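Data block below; observations after.
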Amino acid sequence: MRAMDAGIAPTDAARALLAFWRAAGVDMDEAEAIFTGSAPARAPSAPVREALRPPAAPRLKRPTPSPDAPVETARALAAAAKTIPELQAAVEKFDGCALKATARNTAFSDGIVGAPVLLLGEAPGKDEDEQGKPFVGRSGQLLDRMLAQIGLSRQSNLLISNTIYWRPPGNRDPTQGEIVACFPFVERLIELSQPKLLLLTGKAAAHTVLKREDGVMKLRGRRLLYNPEGLPAPVNAMVMLHPAYLLRQPQQKRLAWMDLLAAETWLKELGVDLSAHS
Ligand code: URA
């Protein structure tokens with residue numbers, strides 16, 4: 001605000017100061033005009049403002065992290081894998097699922113590469129995390145005994161994997177983000193395995209793979225198809241009760257037995273000779 005605008009009259013001392021500087025040879029016209037209110041106060045001219053302003057920091061173009069980034073990485077890694085061992089190596093290299101940071105091991109698969117039956121569960125538990133293999137704990141041992149009843153074993157004609165490869169802390173349910181991040185590897189495993197029959201144990205595997213919301217009691221034992229876009233041929237699929245559920249509800253083993261018999265009949269009709277893979 002100018003002195004005159006504020007209603008302050010130039011003092012004699014100020015006038016004397018102006019006169020002093022003028023006498024000393026300094027051009028005081030502008031200062032006097034502003035002081036006396038005869039010229040509008042001006043903001044410093046553009047070059048002055050530029051000189052006062054600190055040089056602009058160079059703008060760093062930081063890539064905005066996309067929520068899809070881990071999925072895209074998983075898709076690229078999975079697509080590049082041409083064999084199941086290559087896919088396993090890709091999963092072990094993948095850092096896009098936060099569960100890896102708290103897990104001891106990656107539990108990718110166990111059994112026979114090229115087996116006619118591929119079985120998928122949900123996620124590793126404590127024993128699987130320790131050994132780096134799916135279904136090796138109590139529920140895995142029950143699963144082995146059940147499958148042996150129809151001639152299936154991971155030593156001869158079965159490949160076992162999960163829809164999540166790292167143990168969720170405290171065996172909590174995997175989050176949607178964790179499921180989605182691992183799913184490109186699950187899809188690629190099915191594609192590379194080309195199983196005659198895909199067995200899905202439990203609700204989580206059934207929902208993740210089949211993209212259906214029906215309850216497991218509705219899905220179990222039925223002849224279903226896994227047929228996503230881009231797959232060369234649909235894959236026969238059957239949902240089974242999860243062995244961990246059967247440990248808690250042993251009276252439901254009767255249903256599991258019916259599902260196993262349904263799977264056995266279907267394999268026979270498909271012409272799969274399980275003994276040929278022993
Ligand atoms: N439950 C699963 O679904 N998978 C395992 O590997 C172990 C327990």
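The values are calculated or read from the model by the stated rules, or taken from the named source; none is laboratory data. Since we're looking at a predicted model, the values are computed, not measured. Backbone-built Cβ (ideal geometry, glycine too); neighbour counts: all protein chains shown. The accessibility values were calculated without ligands, DNA or RNA, using every heavy atom of the protein model including side chains. Shrake-Rupley method; radii C 1.70, N 1.55, O 1.52, S 1.80 Å.
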Leading residue by the ranking (nearest to Ser156 (Cα to Cα)) among those in segment 110-130 that are open to solvent by 20 Å² or more (accessible area, probe 1.4 Å) and near the ligand (Cβ under 10 Å from one of its atoms): Asp110
Given (1) farther than 23 Å from Leu142 by Cβ; (2) buried (at least 19 other Cβ atoms within 10 Å of the Cβ), index of the condition Asp273 fails: (2)
Members of segment 157-171 that are hydrophobic (A, V, I, L, M, F, W, C) and within 8 Å of the ligand (Cβ to nearest atom): Ile160
Residue among Ala181, Ala204 that is in contact with an Asp or Glu (Cβ under 6 Å, 6 or more places away or on another chain) and buried (at least 18 other Cβ atoms within 10 Å of the Cβ): Ala204
Subset of segment 131-140 (residues that are within 23 Å of the chain's Cα centre (by Cα) and crowded, with 20+ Cβ neighbours inside 10 Å): Lys133, Pro134, Phe135
Subset of segment 224-258 [more than 30 Å from the chain's Cα centre (by Cα) and among the charged types (D, E, K, R)]: Arg248, Lys253, Arg254
Pair list, Cβ under 9 Å, 6 or more apart: segment 139-156 residue on the phi > 0 side of the Ramachandran plot and away from the ligand (no atom under 16 Å from the Cβ), other residue open to solvent by 20 Å² or more (accessible area, probe 1.4 Å) and not basic (Lys, Arg): Gly151/Glu264; Gly151/Leu274; Gly151/Ser275; Gly151/Ser278
Tally, over segment 209-233, of residues that are open to solvent by less than 20 Å² (accessible area, probe 1.4 Å) and of a type in the set (Val, Ile, Thr): 1
Residues that are open to solvent by 70 Å² or more (accessible area, probe 1.4 Å) and either closer than 20 Å to Ile179 by Cα or within 16 Å of the ligand (Cβ to nearest atom) (or both), drawn from segment 234-252: Arg248
